[in-house]
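Chemist: Structure incoming, see below.
The values are calculated or read from the model by the stated rules, or taken from the named source; none is laboratory data. The shown structure was predicted, so the numbers you read here are calculated from the model rather than taken from an experiment. Cβ atoms come from the backbone with ideal geometry, glycine included; neighbour counts cover every protein chain shown.
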Amino acid sequence: MWRSTARRFHERWNFPNCLGAMDGKHIFIQAPANSGSLYFNYKDTFSVVLLALVDADYRFLVVDVGSYGSNSDGGIFANSVLGKALRDGTLNVPPPSELPCAPELGKVNHVIVADEAFPLKPYLLRPYPGRRLPTDKRIFNYRLSQARHISENVFGILNQRFRVFQRTLQNHATEDDHDFEQTLQGFEHCRGQRASVEAQNVRELYKEYFNSAAGEVAWQYDHVNRGLGNR
């Protein structure tokens, strides 16, 4: 499954060695009794979070649902079965392999693509932060956004297909559910830690690839140049 997913991301979105795009969606709920601020999110509403990994054809591969709306996507991912399996190396992910037509870069990790709400890991790519970035980093961010927009679009499709997600849902949480918060808070505290050198090196390899003759696409330069003109 992972190899098939990676092949489709390369064919359809020009992003090789990609195992999926990940994002989180807040499902709005009525605040459960005695839950305090557990479900209160940054949008000033109450919610549980649907975390999803999707393939290049808008299909769900992995979902994690029910985490408190007050927690970040990155913290929820770290505590999920998917996050733990990736961290522990137990997900049967294909080994690193060469990027197409770029043997000089060596073997490169298979990765998941996500937005800035997630941490940078050797198996998880997020954009370079900042607004005034050099051209090569802007091109990387553009190519990453092209691949990860799948995870944003799939939630829009879900809303249109199942209108229930456009309403505020009732939630029947128990006090036992609230005991789970301490674990998530621990991961929240880890968010600010600096990305490892290995993770930074993986992102650098993809950046180098997307800025090379082997990995570039013709329209990426027009896109980046238009972005500069709008500043």
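Chemist: If you go through region 72-106, how many residues are modelled with pLDDT of 95 or more, of a type in the set (G, A, S) and crowded, with 17+ Cβ neighbours inside 10 Å?
Modeler: 1
Chemist: Can I ask one more? Are there any pairs with C-beta distances below 9 angstrom linking a residue in region 142-162 that is in contact (Cβ under 8 Å) with a residue 40 or more places away in the chain to a residue that is among the polar types (S, T, N, Q) and part of a helix (DSSP H, G or I), with the two at least 6 apart or on different chains, and if so which?
Modeler: Y142/Q220; R143/Q220; Q146/Q220
Chemist: How do the pairs read when you match residues in region 1-29 that are over 16 Å from L99 (Cβ atoms) and in contact (Cβ under 8 Å) with a residue 60 or more places away in the chain with residues anywhere that are basic (K, R) and surrounded by 17 or more Cβ atoms within 10 Å (Cβ to Cβ), using Cβ under 6 Å and keeping only pairs 6 or more apart or on different chains?
Modeler: A21/R148
Chemist: Pick from region 217-231 the residues that are modelled with pLDDT under 80 and in a helix (DSSP H, G or I): which of them is surrounded by the fewest Cβ atoms within 10 Å (Cβ to Cβ)? Steps first, please.
Modeler: Step one: filter region 217-231 for residues modelled with pLDDT under 80, giving 226-231.
Still in the list and also in a helix (DSSP H, G or I): 226-229.
Details: R226: 9, G227: 12, L228: 10, G229: 7.
By that ranking, first place goes to G229.
Chemist: Now a separate question. So if I check each of L53, L61, L38, which one is in contact (Cβ under 8 Å) with a residue 40 or more places away in the chain and either closer than 16 Å to T168 by Cβ or touching a His at 6+ places or on another chain (Cβ under 9 Å) (or both)?
Modeler: L38
Chemist: Take E181 and decide whether it is out of contact with any Gly (no Cβ under 8 Å at 6 or more places or on another chain), more than 30 Å from P96 (Cα to Cα), surrounded by 14 or more Cβ atoms within 10 Å (Cβ to Cβ) and modelled with pLDDT under 60.
Modeler: Yes: the conditions hold for E181.
Chemist: Counting residues that are within 22 Å of N141 (Cα to Cα) and in contact with a Phe, Trp or Tyr (Cβ under 7 Å, 6 or more places away or on another chain), which helices (runs of 4 or more DSSP H) fully inside region 1-90 reach at least 2?
Modeler: On the way: elements: 2-13, 73-79, 81-88.
In region 1-90, 73-79 are the helices (runs of 4 or more DSSP H) which contain 2 or more residues that are within 22 Å of N141 (Cα to Cα) and in contact with a Phe, Trp or Tyr (Cβ under 7 Å, 6 or more places away or on another chain).
Chemist: State yes or no: is P127 buried (at least 18 other Cβ atoms within 10 Å of the Cβ), without any contact (Cβ under 8 Å) to a residue 60 or more places away in the chain and in contact with a helix residue (DSSP H, G or I) (Cβ under 7 Å, 6 or more places away or on another chain)?
Modeler: In short, yes.
Chemist: How about region 133-160: which of its residues are more than 18 Å from the chain's Cα centre (by Cα), in a helix (DSSP H, G or I) and more than 19 Å from W13 (Cα to Cα)?
Modeler: T135, N159, Q160, listed by residue number.
Chemist: Then there's this: All but one of (1) of a type in the set (G, A, S); (2) surrounded by 15 or more Cβ atoms within 10 Å (Cβ to Cβ); (3) at pLDDT below 85; (4) farther than 19 Å from I29 by Cβ hold for A147; which doesn't?
Modeler: Single failed check for A147: (3).
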